[in-house]
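Encoded as structure tokens, the structure appears first; notes follow it.
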Amino acid sequence: MQFLDFTKKVVLITGAATGIGANAARYIAKLGGQMALVDINATGLNEVVEQIKGDNSPNALAIVADVTEDSERIIAETINHFGRLDVLVNNAAIGSEKNIMDADISDFDRMMNTNLRSIVILTKLAVPHLEKSKGNIVNVSSISGIVPVKYAFYGMTKAALDQFSKSAANEFGPRNIRVNSVNPSFVLTPMFENAFTAEEALRLKNKCKERYPIGRMGRTEEISAAIAFLASEAASFITGVQFAVDGGAISAGAHYLN
Ligand code: NAI
């Protein structure tokens with residue numbers, strides 16, 4: 001048996017139109033996964049689905065939906081189309097470069113809603129299906145869930161998400177569902193490009209080069225590899241971990257790039 005084989009596995013990924021989610025969708029589809037892909041960005045999502053179908057992958061379904069509003073429809077469309085769910089990858093999130101005094105409380109509410117509340121709801125809806133398939137959940141968090149970064153509100157959503165992942169791992173273990181977290185440091189994606197001014201983005205890239213032991217930002221496929229590993233049978237004895245994919249940022253104390 002191939003451990004990194006997703007044949008006959010139905011994998012639902014949120015935020016799959018761009019960045020890490022889009023890359024992970026293509027990556028797991030190449031390993032045989034049947035993909036239920038969710039995003040509010042219909043154009044980007046349909047492109048990813050077409051690419052996957054063009055790669056001769058078994059199946060890919062676009063679910064244009066907002067994770068903060070459409071959880072029930074997301075699970076229902078997945079089950080109606082594929083009949084099962086094996087892996088839930090909670091990846092959709094929004095970022096903000098603002099510090100505490102500059103950010104509005106509405107920024108905080110928006111981020112908590114998207115990065116945390118929606119995941120709690122989707123998880124509760126997915127668990128009965130994951131229990132049947134002995135499936136698992138991978139939550140895409142951030143090193144900011146583990147160590148402080150400059151952007152407090154974003155970091156708070158990820159720290160809370162990590163606690164949720166660990167509690168869920170404990171609660172769902174006896175139901176044969178694993179729950180793990182992937183915690184990237186900076187990765188070049190639309191989120192990174194949109195969150196910062198060009199000047200700040202360049203400063204951060206240079207800081208990563210200077211201070212991360214691996215000497216650069218992460219690449220989307222490096223995060224996809226970690227997601228695929230944790231979601232696969234290769235990780236059958238792993239649950240409740242925060243898997244930092246960070247070029248050594250945490251171990252070098254290089255997370256707070258001021
Ligand atoms: P991205 O902005 O490129 O992609 C996020 C996707 O989520 C977008 O396609 C967006 O349309 C979708 N999305 C946002 N809100 C949504 C909603 N309400 N409903 C449905 N879809 C929604 O972001 P990126 O960088 O690929 O981030 C993916 C994950 O990785 C996020 O959880 C992020 O916090 C995490 N991360 C990213 C890092 C980075 O440096 N890029 C570093 C650490 C963690």
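The values are calculated or read from the model by the stated rules, or taken from the named source; none is laboratory data. Keep in mind the model is a prediction, meaning the values are calculated, not measured. No Cβ is skipped: glycine too gets one built from the backbone with ideal geometry, and neighbour counts run over all protein chains shown. These accessible areas exclude ligands, DNA and RNA; they are computed on the full protein's heavy atoms, side chains included. Shrake-Rupley method; radii C 1.70, N 1.55, O 1.52, S 1.80 Å.
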- Residues being open to solvent by 10 Å² or more (accessible area, probe 1.4 Å), more than 20 Å from V187 (Cα to Cα) and within 15 Å of the ligand (Cβ to nearest atom) - total across segment 31-40: 1
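Inside segment 10-27, can you point out the residues that are within 15 Å of the ligand (Cβ to nearest atom) and touching a strand residue (DSSP E or B) at 6+ places or on another chain (Cβ under 7 Å)?
Passing the criteria: L12, I13, T14, G15, A16, A17, I20, G21, A24, A25.
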- Query: Based on what the data block shows, is K158 basic (K, R) and under 19 Å from E97 (Cα atoms)?
  - Reply: yes
- Tally time: how many residues in segment 181-227 are touching a Leu at 6+ places or on another chain (Cβ under 6 Å) and more than 10 Å from the ligand (Cβ to nearest atom)? 1
- Residue that is farther than 22 Å from T7 by Cα, among the hydroxyl-bearing types (S, T, Y) and within 9 Å of the ligand (Cβ to nearest atom), where the choices are T114, T43: T114
- Task: Go through segment 11-121 and tell me which strands (runs of 3 or more DSSP E), entirely inside it, have 3 or more residues that are closer than 20 Å to S181 by Cα and in contact with a Gly (Cβ under 6 Å, 6 or more places away or on another chain).
- Result: none
- Note on the structure: Listed by first then second residue, the pairs whose first member lies in segment 125-142 and is in contact (Cβ under 8 Å) with a residue 24 or more places away in the chain, whose partner is open to solvent by 10 Å² or more (accessible area, probe 1.4 Å) and away from the ligand (no atom under 16 Å from the Cβ), with beta carbons under 6 Å and at least 6 positions apart or on separate chains, are E131/R175; S133/R84; K134/N176; N136/R178
- Query: Got a sec? Which of I28, I52, I63, I94 is open to solvent by less than 20 Å² (accessible area, probe 1.4 Å) and in contact (Cβ under 8 Å) with a residue 60 or more places away in the chain?
  - Reply: I28
- Message: Looking at K134, K98 in this structure, which one is of a type in the set (K, R), at pLDDT below 95 and away from the ligand (no atom under 14 Å from the Cβ)?
- Response: K98
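Which one of these is without any contact (Cβ under 8 Å) to a residue 40 or more places away in the chain and either farther than 22 Å from N99 by Cα or among the hydroxyl-bearing types (S, T, Y) (or both): E233, E221, E210?
E210
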- Message: I need the full set of residues from segment 122-160 which are of a type in the set (A, V, I, L, M), within 29 Å of F82 (Cα to Cα) and either in a loop (DSSP other than H, G, I, E, B) or open to solvent by less than 20 Å² (accessible area, probe 1.4 Å) (or both), in order please.
- Response: L122, A126, V127, L130, I137, V138, V140
